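Take a look at the structure below.
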Amino acid sequence: MVDVMGNAAVESGLLGHETDAEMLAVRLAHAQRLGNMGWAEWHLHTGETIWSDQVYTIFGRDPGQGPIPLPQLAKHVEPAYVAALDRLLWSAVQGVEPVQAEFRIRRGGELRDLRVVLEPLMAPGGPIGLHGVIQDITGRRRAERLMSESRRQLLEAREQAAEERHVMLALRDAILPDPACCPSPPHTSIAVRYVPAEKTANLGGDWFEAAPAPDGRLLLAIGDVSGHGLPAIAHMAQLRHALVGLAMTGRPANRLLDWLNELVLHQLNDTTATAIIGHLDPETRVFAWSQAGHLAPILVRDGVAGRLDQPRGVLLGATFGRPYELATTRLIPGDVLLLFTDGLVERRTRDIDVGLDQVVAVAGQVPGGDLEEGLDRLLSDIGGPNPEDDACLLAVGILA
């Protein structure tokens, strides 16, 4: 009875050990699949080669063919990596520390990146073979190459964007008048701010003009052509140059807008634009102006700012045959007149009326005697440049 029980216990223990070994083998195989790695042994004296199941998968080899012997391994490596494999094998049999290298094989027409770690199988007389761990790192290397290529493309795009921005700003500077050279008729001061969008792709067609007319009045104009980039800048140049030429006729602002509307309709395809054009008489201080779909100017008087009532006028390029009205505003000493494009007040995160109210609220602090400092403070108070759009601001102060 004791013998039977003893034998049963032994058999139970053996079964337990077999179960543990099987579980360990299953877990090891699962770990190899997850890490896409396997192990191999090459015995130098006997020529015996042993592979784990995952190595067959890595090489795309049928287990029925058996493992690849060490002398034939180079035939399965891409030619450019044979020298690296030779150095790895030589280092492995010469030392006692593990060595590693990466090389490529071709599996079913596809290149695969492998990392191999080898260490010698030592015996009293020296190494008798090699033990290695082989891992397929193709996915990791592919991701690294993609990341490297993406980083390279990003750097190139940034460099190209910076170059494009430099070109576009230089082109705008060549087209628009120098703000420092704006005329200052008697009893009048003028200041201009052009603030480019922070994003290169959003540089647009904002423009201004301040120049003496043949009859002694001062031509004041500001506008914005639809679109962004070089096409918008090119259309802006055509529109502004056309205005400079047409203004030499001495015709009133509403008639100039009629002609510009015809130009946009017939010459600037798929383009629209907004504009304000006016003449300021330095003697009478009357500002006679018209607008085409543009935001009304802001008048600052005695520290109080408010928007002027707009005469009727549709967007340039929107329709033909609808006349533009002419309005007149009499200015007095101390007044400041602010003409601006919508980039000053528009933001993607808020309604345009909120931006207008904000500009009106801070505009009252712009002094007629120091427009330069006043415009800088205004731009700072409203939050600085608009990242999404250009902004142009033309200020006229009436002196005593």
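Tell me the residue from ALA92, ALA83, ALA74 that is under 19 Å from ASP136 (Cβ atoms) and either of a type in the set (Gly, Ala, Ser) or at pLDDT below 90 (or both), please.
Result: ALA74 is the single residue among ALA92, ALA83, ALA74 that is under 19 Å from ASP136 (Cβ atoms) and either of a type in the set (Gly, Ala, Ser) or at pLDDT below 90 (or both).
A quick yes/no check of all residues on (1) of a type in the set (Lys, Arg); (2) within 41 Å of the chain's Cα centre (by Cα); (3) surrounded by 14 or more Cβ atoms within 10 Å (Cβ to Cβ):
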site	(1), (2), (3)
ASP86	no, no, no
VAL93	no, no, yes
GLU97	no, no, no
GLN100	no, yes, yes
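Among the residues that make up region 231-251, is at least one of them of a type in the set (D, E, K, R) and in contact (Cβ under 8 Å) with a residue 60 or more places away in the chain?
yes
Considering only region 376-395, state which residues are among the small types (Gly, Ala, Ser) and touching a strand residue (DSSP E or B) at 6+ places or on another chain (Cβ under 7 Å). So that I can check it myself, show each step before the final result.
Pass one, region 376-395, residues among the small types (Gly, Ala, Ser): 380, 383-384, 391, 395.
Of everything in region 376-395, those that are among the small types (Gly, Ala, Ser) and touching a strand residue (DSSP E or B) at 6+ places or on another chain (Cβ under 7 Å) turn out to be ALA391, ALA395.
For region 344-355, which positions are in contact with a helix residue (DSSP H, G or I) (Cβ under 9 Å, 6 or more places away or on another chain) and of a type outside the set (Lys, Arg)?
Passing the criteria: LEU344, VAL345, GLU346, ILE352, GLY355.
So which of LEU316, LEU295, LEU337, LEU371 is in contact with a helix residue (DSSP H, G or I) (Cβ under 9 Å, 6 or more places away or on another chain), within 21 Å of ALA191 (Cβ to Cβ) and crowded, with 16+ Cβ neighbours inside 10 Å?
It is LEU295.
Taking region 383-400 as the region of interest, how many residues are out of contact with any Lys or Arg (no Cβ under 7 Å at 6 or more places or on another chain), surrounded by fewer than 19 Cβ atoms within 10 Å (Cβ to Cβ) and over 18 Å from PRO333 (Cβ atoms)?
Number of matching residues: 3.
Could you grab me the full set of residues in region 384-399 that are more than 13 Å from ASP224 (Cα to Cα) and either in a loop (DSSP other than H, G, I, E, B) or at pLDDT below 80 (or both)?
If the condition is that a residue be more than 13 Å from ASP224 (Cα to Cα) and either in a loop (DSSP other than H, G, I, E, B) or at pLDDT below 80 (or both), then GLY384, PRO385, ASN386, PRO387, GLU388, LEU399 are the ones that fit.
Can you pull out the residues in region 327-352 that are closer than 17 Å to GLU388 by Cα and of a type outside the set (Phe, Trp, Tyr)? Step through it out loud before you land on a result.
At the first step, the residues of region 327-352 found to be closer than 17 Å to GLU388 by Cα are 340-352.
Once the filter is applied, which keeps residues that are closer than 17 Å to GLU388 by Cα and of a type outside the set (Phe, Trp, Tyr), region 327-352 yields THR341, ASP342, GLY343, LEU344, VAL345, GLU346, ARG347, ARG348, THR349, ARG350, ASP351, ILE352.
Residues that are in contact with a Cys (Cβ under 8 Å, 6 or more places away or on another chain) and either under 30 Å from LEU399 (Cβ atoms) or loosely packed, with under 14 Cβ neighbours inside 10 Å (or both): does region 346-353 have at least one? Spell out the reasoning first.
Pass one, region 346-353, residues in contact with a Cys (Cβ under 8 Å, 6 or more places away or on another chain): none.
No, every residue in region 346-353 fails to be in contact with a Cys (Cβ under 8 Å, 6 or more places away or on another chain) and either under 30 Å from LEU399 (Cβ atoms) or loosely packed, with under 14 Cβ neighbours inside 10 Å (or both).
Sort out which residues of region 61-80 are assigned to a helix (DSSP H, G or I) and either free of Cβ contacts under 8 Å to residues at least 40 places away in the same chain or over 17 Å from GLU48 (Cα atoms) (or both), and write them in order of number.
Selection gives PRO63, GLY64, GLN65, PRO71, GLN72, LEU73, ALA74, LYS75, HIS76, PRO79, ALA80.
Looking only at residues that are out of contact with any helix residue (DSSP H, G or I) (no Cβ under 8 Å at 6 or more places or on another chain) and among the aliphatic types (A, V, I, L, M) in region 359-368, which one is surrounded by the most Cβ atoms within 10 Å (Cβ to Cβ)? Quick ask: steps written out before the conclusion?
Step one: list which residues in region 359-368 are out of contact with any helix residue (DSSP H, G or I) (no Cβ under 8 Å at 6 or more places or on another chain), which gives 360-361, 364, 368.
Okay, now just the ones that are also among the aliphatic types (A, V, I, L, M), so 360-361.
Details: VAL360: 17, ALA361: 12.
Here the answer is VAL360.
Looking only at region 244-279, filter to residues that are within 39 Å of the chain's Cα centre (by Cα) and of a type in the set (D, E, K, R); which one of those is surrounded by the most Cβ atoms within 10 Å (Cβ to Cβ)?
In this case the residue turns out to be GLU262.
I need the full set of residues from region 129-156 which are out of contact with any Pro (no Cβ under 8 Å at 6 or more places or on another chain), surrounded by 12 or more Cβ atoms within 10 Å (Cβ to Cβ) and hydrophobic (A, V, I, L, M, F, W, C), in order please.
VAL133, ILE134, ILE137 - these are the residues of region 129-156 that are out of contact with any Pro (no Cβ under 8 Å at 6 or more places or on another chain), surrounded by 12 or more Cβ atoms within 10 Å (Cβ to Cβ) and hydrophobic (A, V, I, L, M, F, W, C).
The values are calculated or read from the model by the stated rules, or taken from the named source; none is laboratory data. Remember, it's a predicted structure, so these values are computed and weren't measured experimentally. Counting neighbours? That spans all protein chains shown, and the Cβs are built from the backbone with ideal geometry, glycine included.
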